Amino acid sequence: MSILIDQTKRVLVQGITGREGRARARLMKEYGTQVVAGVTPGKGNQEVDGVPVFDTIREAWENVGEIDISVLFIPAPIVKSAALEAIDAGIKLLVIVPDRVPIYDVLEIAEAAQEAGAQFVGPNTLGVLSPGKAVLGMIGGRAASARAWFITGPVGITSRSGGITSSMAYYLAQEGIGATTLVHVGGDVVVGLPHPEVIKLFENDPETKAVVMFGEIGGGQEEQVADLVEAGEVTKPIIAFIGGKAAKSGTRFSHAGAIIEGGRGTYEGKVNRLREVGVTIVEAFGELPQATKAVLREHGIMK
């Protein structure tokens, strides 16, 4: 199995007629994603690489049938209206790619999603990919490279960095370790599915046997993962690398959400808390493949 996306999910692309929307819709289609429609207000009654374009999501739904997921390639200032339209239409998973979405807009999206029983990944995400099945967003860049870089296997990957999401999966694959799903949770302060929620999905996926996590300074996502492990809600082994070791208070490390404020979200605090509950921590990113292989062997998952 996989989480969030597979080849059976019916996908809509909001902003499909823009440069990014066109390019990424092509990636998704060529990789195997079932892209059934696109939406750009005022640009209906045309096609993008064989995908019909509509003015509204309700119009798309009426013409192509039920839609499971919407991927948003929309300018940040209008992400909220596009996301709320998707939620109101009944779509249960959104992938919000743009960065710099105003935080109050994200909070409104989160409230609407919760009320509707919907979920969203991002903002500021490269998306989600299940090797050999489907991709949402832009992981891999092109279908050919995504096929070459990522292989199927027993490891779930969750990351706060888009580039490192791909890098982890690539370097694990070089050691013969494949993935069930890659999830870039997004780099902003508030995201729809942070590490704890993604790891709970992996916990409930029978084909995911272990999780590799890239965490960062700032926020409390990693500490919340430790709480889940301590409470017995997550039992699968976790291997983690935490970025930002050298950062000082007030320093932003790469992403908007990666900032230490008033002693909260420090590297030391995250590492110590995760180690307390038995998470395997590596000190250098390059150590992840061998550490993962060792954990998989220890648990009888890999010979």
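Quick rundown of the values:
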| item | result |
| --- | --- |
| Residue match in region 98-111 (condition: more than 28 Å from LYS293 (Cβ to Cβ), of a type in the set (Gly, Ala, Ser) and assigned to a helix (DSSP H, G or I)) | yes |
| Of residues in region 1-36 being touching a residue at least 60 places away in the same chain (Cβ under 8 Å) and of a type in the set (Val, Ile, Thr), the one nearest to ILE78 (Cα to Cα) | VAL13 |
| One residue from GLY192, GLY137 being surrounded by 23 or more Cβ atoms within 10 Å (Cβ to Cβ), over 27 Å from ASP227 (Cα atoms), touching a helix residue (DSSP H, G or I) at 6+ places or on another chain (Cβ under 7 Å) and not assigned by TED's automatic domain parsing to the domain that holds GLY32 | GLY137 |
| Verdict on VAL39 being free of Cβ contacts under 8 Å to residues at least 60 places away in the same chain and farther than 24 Å from ILE3 by Cβ | yes |
| Any hit, region 48-56, residues being at positive phi and charged (D, E, K, R) | yes |
| Only one of GLU175, GLU115, GLU111 that is in the same structural domain as GLY286 (by TED's automatic domain parsing) and either more than 23 Å from ARG26 (Cα to Cα) or touching a Cys at 6+ places or on another chain (Cβ under 9 Å) (or both) | GLU175 |
| Pick from region 5-27, criterion outside any loop (DSSP other than H, G, I, E, B) and touching a Gly at 6+ places or on another chain (Cβ under 8 Å), ranking: nearest to LEU201 (Cα to Cα) | ARG10 |
| Test: residue in region 162-173 that is more than 15 Å from LEU4 (Cα to Cα), touching a His at 6+ places or on another chain (Cβ under 6 Å) and either free of Cβ contacts under 8 Å to residues at least 40 places away in the same chain or assigned to a loop (DSSP other than H, G, I, E, B) (or both) | yes |
| Residue in region 218-227 that is under 22 Å from LEU296 (Cβ atoms), among the hydrophobic types (A, V, I, L, M, F, W, C) and either touching a Gly at 6+ places or on another chain (Cβ under 8 Å) or not in a loop (DSSP other than H, G, I, E, B) (or both) present | yes |
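The values are calculated or read from the model by the stated rules, or taken from the named source; none is laboratory data. Not measured: the values here are computed from a predicted model. Glycine also receives a Cβ, built like all others from the backbone with ideal geometry; neighbour counts cover every protein chain displayed.
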